[in-house]
Every structure is written in structure tokens, then in C-alpha cells.
1. Label-point separation (nm) for residue 51 and residue 12, each offset 7 Å from Cα along Cα-to-Cβ?
2. Give me a comma-separated list of calculated 3J(HN,Hα) values for the stretch 128-139, in order, Karplus coefficients 6.51, -1.76, 1.60 applied at θ = phi - 60°, integers in Hz, x for any Gly or Pro.
3. Give me the distance in nm between label points sitting 7 Å out from Cα along the Cα-to-Cβ direction at residue 98 and residue 189, one decimal.
4. May I ask you to order 50-56, 140-146, 66-72 by the average number of other C-beta atoms within 10 Å around their residues, highest value first?
5. Just to confirm a number: summing +1 for Lys and Arg and -1 for Asp and Glu over residues other than residue 150 whose beta-carbon lies under 12 angstrom from that of residue 150, what do you get?
Amino acid sequence: MIWAAMLLALLLVGLVVHRMNFERVYRRLSELSSGVSRDKLYELLSVDHGANFSAMVFSSWVAFFVAFMYYLLPPLIPWLLRSGFPIASNYGLVLFAVIVASLASFLLWASRSFPVWLRLSEIYRIYPLSRNEMSLCAATVFVLVVSAGLSFCNFVNYPFVNRTLETAAWLLLLVALILLFIPVFNEFVEAGR
């Protein structure tokens, strides 16, 4: 559970840094003009990085939530897995992934009505991204697929968990989350100079 806490803390830190970046820009512009709203500013700052990049980022966030739930579920409901419930089968795990992916997709879609800094799938729209940053964000989905695959192996064999696979999968999940927030952290560091 310490891994889950680390991931949630990193996710929260990334969102807070994103909010700080946006608020810094808003504060500087509101000094020049008092009639600027946050939503209007967000629309004006938005950069369209292309449909392929947007789809890849959306897929990365969905894959992150699926991989995270694969790790979170076995320790939370071990009695369900030991009872031979169908979720412990290959078909059950695929069904579980589809359900979590559908819920994550709905959450990301519904987040468009959230405050600007909580819109995970649109987090990159206010940052100018280099090709390298776009490649790193896009590569996240592949890192998460490997992480989910390792978790899948442990899930099927629960309670006989391979600690090496589990640690590797958690590290990949952590790396993926860092990669997803690289543009946010880069902007924070550059603005602090």
C-alpha cells in the first residue's frame, strides 16, 4: 500500500504544480487586465497539439487508472480472489480492465466540467511542448501496458505473488506518472528561474 500512497501523492503533487503554473500566469495577466476570467484565459492559452497526441494522452491516463486498479484490487479484496470468483480468471481480468477503462474514460470526459487544473486529459493544453516531451508523454501508454501485464500475471496467481514482478510493475507505474507530468514540472522549473 506504500506504493499506492506514493503514486497518489505524486498525482496530487503534479496537479498542485499544474495549478500553481496556471495561477502564476493568471496572476500576471490579471495585473495587466482585471476582466480576465480563468476559463477565458484557459481558452486563450490552449494550444492544440493534434488529435493523435490528445488520443495518446487520453489513452495513457486510462491505462494508468487500469494499471493502478490492477495493483490496488488484490490487497483490498483477497477474500474475493481466494473464493474462486471469476475475476481471477483471464476473462474476468479482461472484463475488469474494460470496466475500469470505461469508468476512467467517463471520468476523464466528465472532468471537462471540473476546474481547469483538474482536467487530466487536457493538462497539456496550456504548455508549449517540444517533440521530446510529446514523445515521452506518448510513450507512457507503452510503459503502462507492460506494467499492467506484469500486474496481470500477479493477479492471476494471487496470493502467490512474485515480489520482483510486483516491484517492477510499481516502478513502471511510477515512471509512467512522472513521464505524464514532465511538461508540468518543466514549466514550473523554467518559470522559477
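Only the coordinates and a few stated rules stand behind these numbers; no lab work does. No experiment lies behind these values; they were computed from the predicted model shown. Counting neighbours? That spans all protein chains shown, and the Cβs are built from the backbone with ideal geometry, glycine included.
1. Going from the residue 51 label point to the residue 12 one covers 3.9 nm.
2. x, 10, 7, 4, 5, 5, 5, 5, 5, 5, 6, 5
3. 4.2 nm
4. 66-72, 140-146, 50-56
5. Around residue 150, the charge tally is 0.
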